[in-house]
Each structure stands twice: as structure tokens, then as C-alpha cells.
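Participant: The structure's right below; bear with me while I get my questions together.
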Amino acid sequence: MNRQPAERCAHLGFSEIARIRNRILELGPAARLHALHGGEPLFETPAFITEAAVRALREHRTRYAPSSGIPELRAAIVEKVRRKNRIPAEADHAIVTSGGLHGLLVAFLATVNPGDEVLIFSPYWTPMKDLAALAGGRLRLIPWTEARRTGFRSALERYATPHSRVLLVNTPANPTGTVLTADELREIAEFAGERDLVVISDEAYEDLTFETPHVSIASLPGMFERTLSVFTLSKSYAMTGWRVGYIVAPEPWMSALRKLVLNTINVVSTPMQWAAVAALTEGEAFIEQARAVYRQRRDRLVGGLRALGFACEPPQGTFYAFPNVERVLGPKSWDAFDLLLNRAGVSTVPGVVFGPHGEGHLRFTFSVPLETIEAAVEAMRKVL
Ligand SMILES: Cc1ncc(COP(=O)(O)O)c(C=O)c1O
């Protein structure tokens, strides 16, 4: 009997998430853990969104929807991206996906040919490597710090090669919390135009910004045509488990995306789509309240980390802080992770999980109650 999984599975990531989980489990149920390793919003899904899903279920709106999404949701998406993101999308430029990760997968499959390079700023959200690989491409890493120091334009010029076809832009960025400014995005856009690159824009954290406002690269002149803008409701509306996202893109990308969505999931669950209509049309007040709460927690965590001697700029977006911990905990982020977990009971994510440029860092979430932040900082203070 052939018991060999297909080769494409051999190099796909999972082991590092499992390793983090196993290390935490090894501590046993009695360990009082200060859990700062997660990536979940702090809140429950707002009641008006849940109600919209329940209403759809009660009204038997439970059959297959059109594969691209129910017309009401696609209309709400187009209205939202025109108003909020200033993306000049028309009615046929939106497709509903099963969350952001599925949106990214079909975006990679629609744009990357085997052997193509995907330019990406590093450290990067770990699944990007695997999604690119599933499409037959490979990542070409551009260090964030170098790009910020030397300018994005010149960094891109140094790292792009004749094989570079796609440029992945993630702002606000996981894990660094970086938010690209309008000027930085203009430099990136100019470069993409000159080299005829396709841009995949991952805007999962668009609503989680603090001082620097979010700008969608597809809103810049000439960029809509070459950009697949990938969104998700997961973080903005505390809907991680609902699995609803969407992509906005023009032709020829949209025809390719329609085929890929049909052949991967057929269509997103119909009641969840009705919930998404409610979120996109009535969700602004929730987003504003959430942002203020996250900001307060950010300031508390960053203050605490700095007092411990970690080098930590306040993140401009997301709900992660990504300090350099080398001076206090040594150069290896897995050792730093183990030390904080075993001695202080504080769980984080080792920076190297996000690529080689994350080494020497740890990712801490501040999407937790204030008491958890206070207790974690105090526990670290005692052992450092
Ligand atoms: C940078 C980034 N992009 C996309 C996603 C995808 O989110 P989801 O698949 O939950 O919608 C995440 C989730 O953590 C993320 O961190």
C-alpha cells in the first residue's frame, strides 16, 4: 500500500506551531500561564453580527449561494472599499473567500507561476512561505529594517531579480506591527509599475492602526489594475472562527479567482455571508471602540517591555509587539521563548518563526486583558 503523502506536503509548515503548542502543553495543566502568544481579537463577535447570522438561519437562507458571494455582500464590499479604502472597484470586482488565508491562497494561485519569485518584506507572517510554495513560487526576502533605513525603493532595487513577478505587501504587518506610510507605499507602487509586478496586498489588520493611518496600495494611481487586495473580517470584527474574507481585483485576475474559489471551496457558507453584510454595513462603531482598547493595551505592554530592557518601538498597527530581546535574553529567539515560558510562565512566539530576520525578537500579543499584561510583566521582572 502506498502510504506516501504527495511531495508538495513534505515541506509545508506546521511543525513550528506544533512545537510552540507542545512546549506549552509540557508545562502541564497546573502551570499558571500568562498567554501572550495568540493572534485572536480581545472581544466576542458583536451581537448584531451574530443576530444577522441567526436570522439568516431562521429564515432558511441556507442553500448554495452564487460562488462569488451573495449579491448583497458583494455590493457591501464594493461600497466599503470605495468609501474606506478609496479603491476604485466596480460591481464585478469583489469575490468572497473563506477568510484571509484562503483569499491569500487563491491570490497566489492566480498570480504565481512555478519558478516565480515573490518579493516580501521580512519578517513576514509564516504561512506566506507555504502559500507561495503551493503555487510553485518561492519567497525573496527583503529585510523590513533595511527597507526603512535605506528607503523602500532602493531596497526593492537591490533584492528584485528577473524572476520576481509578485510583490506581497502586508500593512499593518504581522509580526512587526509596521504600518507603511503613504510615501512608502508610493515608492513601492512606482517600483511595481516600472517592473510590471503584480501586487498582493494583505490588509487583514487594516482597522487596527494607531497613529499612522492605513492606506490601501490599490488606491494609488495606476495600482488598481495590478493589485489583488485581500481582506478578512477576522480581526476587524472579532470573527476569526466565522471564516469570511474577500478579494477586490479587476480582470484578468477576477476570472482566475472565480475559478479558484469555485474549485477550492465552491462558496462560503450562506448564513456567514449575511452576517458579513451586517458587519460591513454597521460595524464602524465597534471598530472605533476596539481600536481605543487595543491602544491602551499596547501602551501598557510596550511600557512594561521597555522597563525590562527590551528594545521596543510602539507598533503602529496590529495587536502585536515585536521587541528585540537580544540584550536581555541572548540572540536565539527559541532560547528566549523557552526561558520566558519556563521561568516566568509567559508564552510568546519566537521571532525566527517569522523568517530569519525575526531572529533575536519575540512576538507578544497585547490582545489580552490588562491584568494579563500586568501579571506577565511582573512575572518577567522577577526572573530577569
Ligand atoms: C498577516 C495576516 N494575514 C492574513 C491573516 C488571515 O486571517 P484569517 O484567515 O483568519 O482571515 C492573518 C491571520 O492571523 C494574518 O496575521
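Participant: Given H placed 1.01 Å from N in the peptide plane, which residues other than close sequence neighbours of residue 122 have an amide H under 5 Å from its amide H?
Facilitator: For residue 122, whose amide H was placed from the backbone, the distant partners under 5 Å are 142, 144.
Participant: Stokes-Einstein at 25 °C, 0.890 mPa s, Kirkwood radius from Cα pairs: D for the chain in µm² s⁻¹?
Facilitator: The Stokes-Einstein estimate is 114 µm²/s.
Participant: Based on other C-beta atoms within 10 Å, arrange 178, 318, 209, 126 from fewest to most.
Facilitator: 126, 209, 178, 318
Participant: What would the Debye equation give as log₁₀ I(q)/I(0) for segment 6-153 at q = 0.21 Å⁻¹, counting only Cα atoms as equal point scatterers?
Facilitator: The computed values of log10 I(q)/I(0) come out as -1.29.
Participant: With a cut-off of 17 Å, note down the residues of segment 106-150 whose backbone N falls inside the zone around a label point 7 Å from the Cα of residue 12 toward its beta carbon.
Facilitator: 106-110, 126-138
Participant: From the helices alone, meaning DSSP H stretches of at least four residues, give me the mean residue ellipticity at 222 nm for the chain, per-run term -39500 (n - 2.57), in deg cm²/dmol to the nearest 500.
Facilitator: When only DSSP H runs of four or more count, the value is -13000 deg cm²/dmol.
Participant: Work out, step by step, the length gained on full extension between residue 307 and residue 251: first 0.36 nm times the residue separation, then minus their alpha carbon distance; give nm to one decimal.
Facilitator: Result: 15.0 nm gained on full extension.
Participant: Could you tell me the largest-minus-smallest coordinate of the C-alpha atoms of segment 283-336 on each of the three principal axes, in descending order and whole angstroms?
Facilitator: Principal axes ranked by extent give 43, 21, 14 Å for the Cα atoms.
Participant: OK, next. Tell me, 95, 24 in order of fewest to most beta-carbon neighbours within 10 Å?
Facilitator: Ordered by Cβ neighbours within 10 Å, fewest first: 24, 95.
Participant: Something else about it: Could you please state, rounded to a whole Å, how far the C-alpha centre of segment 145-164 is from the C-alpha centre of segment 343-384?
Facilitator: About 30 Å separates the Cα centre of segment 145-164 from the one of segment 343-384.
Participant: OK, next. Quick one: among 220, 12, 139, which has the greatest mean-square fluctuation in a GNM of the chain with alpha-carbon springs under 10 angstrom?
Facilitator: 12
Participant: Now for a different question. If you build the convex hull over the alpha carbons only and average its shadow over all orientations, what do you get for segment 232-316? Give it in nm² to one decimal.
Facilitator: The number I arrive at for segment 232-316 is 8.2 nm².
Participant: Another question, if that's okay. Roughly what angle does helix 182-194 make with the longest principal axis of the chain, taking Cα atoms, 0 to 90 degrees, to the nearest 10?
Facilitator: Orientation of helix 182-194: about 50 degrees from the principal axis.
Participant: Can I ask one more? If I build a Gaussian network model for the chain, linking alpha-carbon pairs within less than 10 angstrom, which residue out of 276, 173, 256 has the largest mean-square fluctuation?
Facilitator: The residue with the greatest mean-square fluctuation here is 256.
Participant: Taking amide H atoms as placed 1.01 Å from N in the peptide plane, list the residues 5 or more away in sequence, or in a different chain, whose amide H sits under 5 Å from that of residue 309.
Facilitator: It is none; the list stays empty.
Participant: Also, I was wondering about something else. Kirkwood hydrodynamic radius (Cα pairs, Å) of segment 318-376?
Facilitator: 11.5 Å
Participant: Using alpha carbons only, how many degrees (0 to 90, rounded to 10) separate the axis of helix 253-264 from the longest principal axis of the chain?
Facilitator: It works out to around 70 degrees.
Participant: Could you work out how far apart the two model spin labels at residue 72 and residue 163 are, taking each label as a point 7 Å from the Cα in the direction of the beta carbon, and quote it in nm?
Facilitator: For the pair residue 72/residue 163, the computed spacing is 4.8 nm.
Participant: Further question: Taking R0 as 45 Å, what's the FRET efficiency between residue 60 and residue 150 from their Cβ-Cβ distance, rounded to 0.05?
Facilitator: 0.15
Participant: What residues have an amide H closer than 5 Å to that of residue 362, excluding those fewer than 5 places away on the same chain, when H is modeled at 1.01 Å from N in the peptide plane?
Facilitator: The answer is 325, 351.
Participant: Give a residue-ordered list of calculated ³J(HN,Hα) values for segment 121-127 (Karplus: 6.51 cos²θ - 1.76 cosθ + 1.60, θ = phi - 60°; whole Hz; x for Gly, Pro).
Facilitator: Karplus-based 3J(HN,Hα) across segment 121-127 equals 7, 10, x, 9, 5, 3, x Hz.
Participant: So what is the relative contact order of the chain, in percent, for Cα pairs below 8 Å that sit 6 or more residues apart?
Facilitator: Computed over the chain, the figure is 23 percent.
Participant: Taking the chain as a Gaussian network, where each spring joins two C-alpha atoms under 10 Å apart, which residue of 62, 111, 232 fluctuates the most?
Facilitator: With Cα springs under 10 Å in the chain, the top fluctuation among 62, 111, 232 is at 62.
Participant: In bins 5 Å wide, starting from 0, what share of all Cα pairs of segment 188-280 does each bin hold, as a percent?
Facilitator: The percentages, shortest bin first, are 3, 12, 20, 20, 20, 15, 8, 3, 0.
Participant: Given a Förster radius of 56 Å and the C-beta distance between residue 264 and residue 370 as r, what FRET efficiency does 1/(1 + (r/R0)^6) yield to the nearest 0.05?
Facilitator: For R0 = 56 Å, the calculated efficiency reads 0.90.
Participant: How far is the Cα center of segment 264-304 from the Cα center of segment 310-339, in Å?
Facilitator: Going from one Cα centre to the other spans 26 Å.
Participant: Starting from the Cα of residue 235, draw a straight line to each of the aspartates and glutamates and keep only those under 15 Å, dropping any in the same chain fewer than 8 residues away.
Facilitator: 40, 44, 202, 203, 206, 207, 284, 288
Participant: Kindly work out what percent of the DSSP beta bridges joining two residues of segment 51-283 are antiparallel, to the nearest 5.
Facilitator: Expressed as a percentage, antiparallel bridges in segment 51-283 total about 30.
Participant: Under 17 Å between alpha carbons, and skipping anything fewer than 8 positions from residue 259 in its own chain: which aspartates and glutamates qualify?
Facilitator: Within the straight-line cut-off, residue 259 pairs with 92, 251.
Participant: As a footprinting exposure proxy, order 125, 242 by other Cβ within 10 Å, with the fewest listed first.
Facilitator: Fewest to most other Cβ atoms nearby, the residues stand as 125, 242.
Participant: Okay, moving on. Less than 25 Å apart at the alpha-carbon level, and either on another chain or at least 8 residues along: which lysines does that give for residue 382?
Facilitator: Filter leaves 332.
Each reported figure results from applying straightforward, stated rules to the coordinates on display, with no laboratory input. Quantities reported herein were computed from a predicted structural model and do not represent experimental measurements. Positions of Cβ are backbone-derived with ideal geometry, glycine not excepted, and every protein chain shown enters the neighbour counts.
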